[in-house]
Structures are given as C-alpha cells and as structure tokens.
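Peer 1: What follows is a single structure, and I will ask about it in a moment.
The values are calculated or read from the model by the stated rules, or taken from the named source; none is laboratory data. Note that the structure is predicted; figures quoted are calculated from it, not measured. Cβ: placed from backbone, ideal geometry, glycine included. Neighbour counts: every protein chain shown. The area values use the complete protein model at the heavy-atom level, side chains included, leaving out ligands, DNA and RNA. Shrake-Rupley method; radii C 1.70, N 1.55, O 1.52, S 1.80 Å.
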Amino acid sequence: MATNNNNEHHHCDCGHHHHETPKVSKYEQALAKYKTDLDDAEIREKVKKIIAEKVHENDTPEVKRFLFGSIELTSLKTTDSEDSILAFTEKVNEFDATYPDLPHVATICVYPCFAKTVSEALEIDGVEVACVSGSFPSSQALIEVKVAETALAVKDGATEIDIVMPVGKFISGDYEGVCDEISELKEICGDVPMKVILETGCLKTASNIKKASILAMYAGADYIKTSTGKLEPAATPEAAFVMCQAIKEYYEETGIQIGFKPAGGLNSVTDALIYYTIVKEVLGEKWLTNKWLRLGTSRLANMLLSEIIGKETKFF
C-alpha cells in the first residue's frame, strides 16, 4: 500500500487488514475516535469483578420493581396467531387491574403482522408496541423488503422498531453497507425509536462488539440490543459491558443518549440484576429508567413478579 499522509496508524493490529483504497472512509474515521482494540480476557475480569462486588447491593425489592417495569414482554414464535397475541395483550390490560400498585411492563414486542392487533387491543397508557422488522432474525432480505416491512409496521401502530444489523456485511468488513441499511431504516422509522440488534454471539470478540455498537449508533440507532434470542450465545454480561462502554463514549463524544437492551438468555432474576448492575456501574443513574434500559424477555416477567409479591405466580 502506498504510504499516504499520516495513515501509518492503520498498520497496527486493529483487525483492518484490507483497505480497498488508501483513503480512510468516514466509517473508519468514526471508529478511530474510540478505543476498539479490546482484550477479551481483560473484559471478562472487569465483569467478574463487578458481578462479585456490586450485584448483591442491587438485590432489593425496589430494583426488582424497576426491572419489572423495564421488561419488553415478547412473543416471537412461529406459532403466534391473532388469537394468541390478543390473549397476550389482554394479559397486560388485566395486569393493571390485578396489581394496581406495581409498574406495568414497558413494551409488548411482536412480529409486524400483529402490530395492528396489539395497538388496537392495548388499553394501558405508557406501554409501547415494538415490532421486530427487517427480516428478523436473520436480516437476510433485500433492503426494499426491509423498508416495506418497517413502513407497514409503523403504519399499523408500532411505536418502536427492532431491526437486526446486517451481521454478514459487518463480518465481511462492509461497514458502509451496514451503516447505509441502518440509516435507511431509521429514515423510515422517523420519530419512532429504532433498536439495532447486534447479535453479539455471532460477533465473537469484544473488539467486534465495540465496533458494531459504534457503527449502529453512528448510523441512527436509538437503542442497541444484544441479541435476537434465536441464536446461542444470546446476551452475555461481557457483551453488555462492552456495549455500555460504547454508549458512554458515544454520549461523551456526541451528547446523544442511546438506550440499551439485553435480550435472549435472561433466564433468572439474578441475570436481570447483573445487567442492571453493569448499566449502573458503566453508564450511571441517567440510564436507570425504563426508557433507557429495557430487558427483552418473557420468562423473566413471572419470575420477577413472584419475587416482588413473595409467592410463586404464573400471571403471564
């Protein structure tokens, strides 16, 4: 490669071994503002320390109530139908009457074909209607199809949209393609908040997770989300830590606050407390609201509810 003005730092081992042209793209320039060369073992140790030292102090009834109010109650099954989604929505309506002293869930998350069903049946103010869009969970579709699906979901009442980053493009180094798709879908969403799922289990390294987080935010994400829940591994505390660090640095760089959503693999109340603790330690109090922190899960709803009311219950 011909040396071009002060571009030497691109010869480090930062994972970019191919440049089609010596000119640095705007995406590389955006990434260059952040530390993306991370050590996985070091991240593991930091997370282990946070879990060992800090989680227990957040194991309180108040935090559990807060976490319950941050849940995105999710039904993304092949067997979903108008009837099952209607019943699912009715449960959220009933909850308010059954437990008037508790916060309601933050969101009901469904496929776009059920946006209308949920938005028409939902009676509770303050519960968002989220739709996974853009050929969830693979994100493998023509951009025209993703655009149409997203536009229809918004038209039918989705108040939030969850898309999956084109992971294949990211892995092959096509950062421009990744950002173009995210930007185009954000344009369709307009004022409707858009979450970008990174599918961190496919990204393998902390460095990749950091880069994907920054590119997604740079391209227009309002939230970044760990996983679809359809692939293993799903959310991990290490991925959450790296994503929260990226959100913090992006906020310091731009002044734009981005939300965080762990999803997939939240199997216990302890898991929820671990994610809460990571957000609290890395991002601080400003993110501890049910606007900026969401938990993508359904099985956790009954577990948290059981602990909050002090007896085993299967409400949802």
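Peer 1: Calculate the dipole size of the stretch 140-268 relative to its Cα centre from +1 charges on Lys and Arg beta carbons and -1 charges on Asp and Glu beta carbons; express the result in debye to the nearest 20. Can you show the working numbers first?
Peer 2: Working: 12 positive and 19 negative charges, 84 e Å.
Computed about the Cα centre, the dipole is about 400 debye.
Peer 1: Given the options ILE51, ILE182, ILE71, which has the most mean-square fluctuation in a GNM of the chain, springs set between C-alpha atoms less than 10 angstrom apart?
Peer 2: ILE51
Peer 1: Here's another thing I want to ask about it. Of SER84, SER227, SER183, which is the most mobile in a GNM of the chain whose springs link Cα atoms less than 10 angstrom apart?
Peer 2: Taking springs between Cα atoms under 10 Å, the residue moving most is SER84.
Peer 1: In Å, what Rg and Dmax follow from the Cα atoms of the stretch 274-316?
Peer 2: Cα only, the stretch 274-316: 12.6, 33 Å (Rg, Dmax).
Peer 1: What is the distance in Å between the Cα centroid of the stretch 291-316 and that of the stretch 25-77?
Peer 2: Value for the Cα centre distance between the two parts: 19 Å.
Peer 1: What percent does the relative contact order of the chain come to when contacts are Cα pairs within less than 8 Å and at least six residues apart? Don't jump to the answer; show the numbers that get you there.
Peer 2: Details: 536 pairs, mean separation 58.8, N = 316.
Worked out over the chain, it gives 19 percent.
Peer 1: Pick from GLU128, GLU184, GLU160: which residue has the top mean-square fluctuation in a GNM of the chain where Cα pairs under 10 Å get a spring?
Peer 2: So, out of GLU128, GLU184, GLU160, the one fluctuating most is GLU184.
Peer 1: Over the stretch 71-195, give the accessible area per residue in Å² for a 1.4 Å probe, as an integer.
Peer 2: Per-residue value: 43 Å².
Peer 1: Amide H neighbours of GLU128 under 5 Å, at least 5 residues apart or on other chains, H built in the peptide plane: list them.
Peer 2: Here THR107, ILE108 satisfy the definition.
Peer 1: Also: Leaving ligands, DNA and RNA out of it, report the carbon-plus-sulfur percent of the accessible area of the stretch 61-109 at a 1.4 Å probe.
Peer 2: 56 percent
Peer 1: Further question on the same structure: Using 0.36 nm per residue of separation minus the Cα-Cα distance, give me the extension gain between LYS91 and GLU120 in nm, one decimal. Can you show the working numbers first?
Peer 2: Working: separation 29, 0.36 × 29 = 10.44 nm, distance 1.42 nm.
In short, 9.0 nm is gained.
Peer 1: Something else about it: Apply 1/(1 + (r/R0)^6) to the Cβ-Cβ distance of ASP101 and ILE51, taking R0 = 22 Å, and write down the FRET efficiency to the nearest 0.05. Spell out each step's value before the answer.
Peer 2: Numbers: r = 31 Å, r/R0 = 1.40.
Working from the Cβ atoms, E equals 0.10.
Peer 1: What number comes out for the charge environment of GLU181, summing +1 per Lys or Arg and -1 per Asp or Glu over other residues with Cβ under 12 Å away?
Peer 2: With Lys, Arg at +1 and Asp, Glu at -1, the neighbours total -3.
Peer 1: Another question about this same structure. Going by average Cβ neighbours within 10 Å, how do the peptides 203-213, 136-146 rank, with the highest at the top?
Peer 2: Numbers: 203-213: 22.5, 136-146: 15.2.
Per-residue mean Cβ counts within 10 Å order the peptides as 203-213, 136-146.
Peer 1: Taking H placed 1.01 Å from N in the peptide plane, check which residues at least 5 places from ALA263 or on another chain put their amide H under 5 Å from its amide H.
Peer 2: Amide H neighbours of ALA263, under 5 Å, 5+ apart: THR226, SER227, ALA235, GLY296.
Peer 1: Same structure, new question: Considering the options VAL92, VAL127, THR60, tell which one lies farthest towards the positive end of the dipole of the chain, charges being +1 on Lys and Arg and -1 on Asp and Glu at the Cβ, about the Cα centre.
Peer 2: Positive-end residue among those listed: THR60.
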